[in-house]
Amino acid sequence: MVAKKLVGRGNRGYLEIIQTILSVCTEGALKTHVMFKCNLNSSQVQQYLEYLVDRGLLDKERKAYSSKTSYITSERGRRYMRAYKEVVEMLRDRKDTSFASPVL
């Protein structure tokens, strides 16, 4: 029951949002797809995508035949996803499955 008393446990934190974005982008995704699948507004998704590209967690890809940019999880991003999953597993109460991350 301690997990439910943690501050911010009811809302997603930025680390969980990053995990969700990276998960959505593993096969490549357009900005609008990320926005809807991650439940973010256009301003938030733009900030997160820029942040993740700047840090090498996402790669931008523009096809020659299209003006649209897709975002793909980089190897560094996949390392983040594995590390995030490991931390969530470590913090999970063995008796309480409600603390599971929805993106794992």
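The values are calculated or read from the model by the stated rules, or taken from the named source; none is laboratory data. Nothing here was measured: the structure is a model prediction, and the numbers come from that model. Heads up, the Cβs are rebuilt from the backbone with ideal geometry, glycines too, and the neighbour counts pull from every protein chain shown.
Quick notes on this one:
- Residue within the range 38-60 that is touching an Asp or Glu at 6+ places or on another chain (Cβ under 6 Å), at negative phi and surrounded by 12 or more Cβ atoms within 10 Å (Cβ to Cβ) present: no
- Lone unmet requirement of (1) among the aliphatic types (A, V, I, L, M); (2) touching a residue at least 12 places away in the same chain (Cβ under 8 Å); (3) crowded, with 19+ Cβ neighbours inside 10 Å for M35: (2)
- Entirely in the range 1-79, the helices (runs of 4 or more DSSP H) that have 1 or more residues that are at pLDDT 95 or above and over 12 Å from the mean Cα position of the chain (by Cα): 31-37, 42-54
- Residues located in the range 19-37, provided they are on the phi > 0 side of the Ramachandran plot and touching a helix residue (DSSP H, G or I) at 6+ places or on another chain (Cβ under 6 Å): none
- Residue match in the range 86-93 (condition: touching a Phe, Trp or Tyr at 6+ places or on another chain (Cβ under 7 Å), modelled with pLDDT of 95 or more and assigned to a loop (DSSP other than H, G, I, E, B)): no
- Of all residue pairs spaced 6 or more apart or on separate chains, those with beta-carbon atoms under 8 Å, a first member in the range 63-75 that is more than 10 Å from A29 (Cβ to Cβ) and a second member that is hydroxyl-bearing (S, T, Y) are K63/S70.
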